[in-house]
Amino acid sequence: MSPEYYVILSVLLFGIGGVGVLVRRNAIIVFMCIELMLNAANLAFVAFARMHGNLDGQVIAFFVMVVAAAEVVVGLAILMAIFRTRRSTSVDDANLLKN
Amino acid sequence: MSLSSLHLPQAAAAAGHLLAAAPSPEGPAPTTHAVIFWLFTVIAVAGALGMVLARRAVHCAMMLATVMFSLAVLYLMQGAPFLAFAQVIVYTGAVLMLFLFVLMLISVSSAESLAETLKGQRVAALVAGLGMVILLALAIGHAAIGQAKPMTSIGGTGNVTGLAALIFTRYVFPFEVTSALLITAALGAMVLAHRERTRPKPTQRELSRRRIASGHPTPLPPPGVYALHDAVDMPALLPDGTPCELSVSPAIARREPGPATPAIAAPGETPAPREDGPGGDARPLVPAAGQESAEPAAPATQGGTQQ
């Protein structure tokens, strides 16, 4: 299999994740879609590593995983703090800065 | 290259190859590789679409787990066994469990409202997503993506050994920075999730005073368990035969989209819709097992059933 197929698959998953971020309004699901986008980027990294025949792409994908884990932890903590004050996880309800 | 070439022996051979975790110099046979690729591509795309389309957040999480597992298989096919296992352990094991924990903590029952607050937002989002995919696909079509190098170049002395050699030599500084990042994230999560106590902790005396003042000093009645419905979401029956809403845990009652209390038919009574209101007391109703559980509910229902 040429790496091209993997890159196309990663583009597809990235696009689906992006649509999910734009469409869904539950903040937790938005987070999940962001995770999907990060995973798609990881897949492209691995495919490029295979194409170039070295391991640098895999190292970068590993770092992406670490950063994604950190991001999820902080994001979910923020979500819990918001839920505690506003009793909702809809991204429509967090509009304190609007007026 | 097509799905029609899916043969069981090949798949079994591929599975054996993957389990052995010893990459042969050329990797799996091209046909096997294609079969596995297309199989897990379909699973991943279907899972991703399901995640975007599913209404309940828990279903979304399960779909995401599917996508991540199939991506792990694809990593394995590309000569990245370390990343594949890290994907399963870190993503499906840790990150997704974190998602599920937070879901269970805050909003497992809240189904997303489908009303659009911004007019035409969904269509615009679809168009934007489609445009992004088309742009990226065009860019890839123009890029020169070469053929895969042989597996030996990445797995020569072993994938994990090669990764370790890279991480601890060329990428040692980013690696150390990620450890700082993880510590910062853990501290930040602790600070964000911590709730400061703004009032002093109530003493036992205050708690008991509050309970007496609240009107029902006894514990809430337990849900009824009957011969017909052996479930905790069935409300207990009061002595006059009316169901006691207080006996069902709100977490369970909220999950039921329909009426919270289905018509409870006592043994020997047809499950007809009730004509009388909740205060009706003319029902010769003798629940078999619900009597003890209904008893402590009497002071708890001033609103509905007091005569």
Inset, instruction - Read through the list (1) modelled with pLDDT under 80; (2) touching a Ser or Thr at 6+ places or on another chain (Cβ under 8 Å), then give the number of the only condition that B:Ser247 fails. - result: (1)
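Conditions (1) assigned to a helix (DSSP H, G or I); (2) at pLDDT below 90, marked per residue:
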position: B:Ala13; (1), (2): yes, yes
position: B:Glu26; (1), (2): no, yes
position: B:Val42; (1), (2): yes, no
position: B:Ala48; (1), (2): yes, no
Legend entry - Selection status of A:Asn39, within 7 Å of chain B (Cβ to nearest Cβ) and touching a Ser or Thr at 6+ places or on another chain (Cβ under 6 Å): no
Inset, instruction - Answer with yes or no whether B:Ala231 is modelled with pLDDT under 80, under 27 Å from B:Ile106 (Cβ atoms) and out of contact with any helix residue (DSSP H, G or I) (no Cβ under 6 Å at 6 or more places or on another chain). - result: yes
Inset, instruction - For residues that are small (Gly, Ala, Ser) and facing chain A (nearest Cβ under 7 Å), scanning just segment B:52-94, find the one that is nearest to the chain's Cα centre (by Cα). - result: B:Ala61
Legend entry - Residues that are buried (at least 22 other Cβ atoms within 10 Å of the Cβ) and either of a type in the set (A, V, I, L, M, F, W, C) or in contact with a Lys or Arg (Cβ under 7 Å, 6 or more places away or on another chain) (or both), drawn from segment B:83-94: B:Leu83, B:Ala84
Legend entry - Answer residue from segment A:5-25, given it is more than 15 Å from the chain's Cα centre (by Cα) and touching a residue at least 12 places away in the same chain (Cβ under 8 Å) and is surrounded by the fewest Cβ atoms within 10 Å (Cβ to Cβ) among those: A:Arg25
Inset, instruction - Only residues that are touching a residue at least 40 places away in the same chain (Cβ under 8 Å), surrounded by 24 or more Cβ atoms within 10 Å (Cβ to Cβ) and either in contact with a strand residue (DSSP E or B) (Cβ under 7 Å, 6 or more places away or on another chain) or within 14 Å of B:Leu220 (Cα to Cα) (or both): list them for segment B:230-246, please. - result: B:Ala236, B:Leu237, B:Leu238, B:Cys244
Inset, instruction - Would you mind stating whether A:Val30 is more than 7 Å from chain B (Cβ to nearest Cβ), within 27 Å of B:Val42 (Cβ to Cβ) and touching a residue at least 60 places away in the same chain (Cβ under 8 Å)? - result: yes
Legend entry - When residues of segment A:1-53 are limited to those that are farther than 19 Å from B:Ile134 by Cα and charged (D, E, K, R), the one modelled with the highest pLDDT: A:Glu35
Inset, instruction - Could you check how many residues of segment A:48-86 are farther than 30 Å from B:Ile140 by Cβ and more than 9 Å from chain B (Cβ to nearest Cβ)? - result: 3
Inset, instruction - State the number of residues belonging to segment A:1-31 that are among the small types (Gly, Ala, Ser) and farther than 23 Å from B:Thr117 by Cβ. - result: 3
Inset, instruction - Could you tell me whether B:Leu163 is modelled with pLDDT of 85 or more, within 7 Å of another protein chain (Cβ to nearest Cβ) and not in a loop (DSSP other than H, G, I, E, B)? - result: yes
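The values are calculated or read from the model by the stated rules, or taken from the named source; none is laboratory data. Fair warning: this is a prediction, and the values are worked out from it, not measured in the lab. Neighbour counts run over all protein chains shown; Cβ positions are idealised from the backbone, glycine included.
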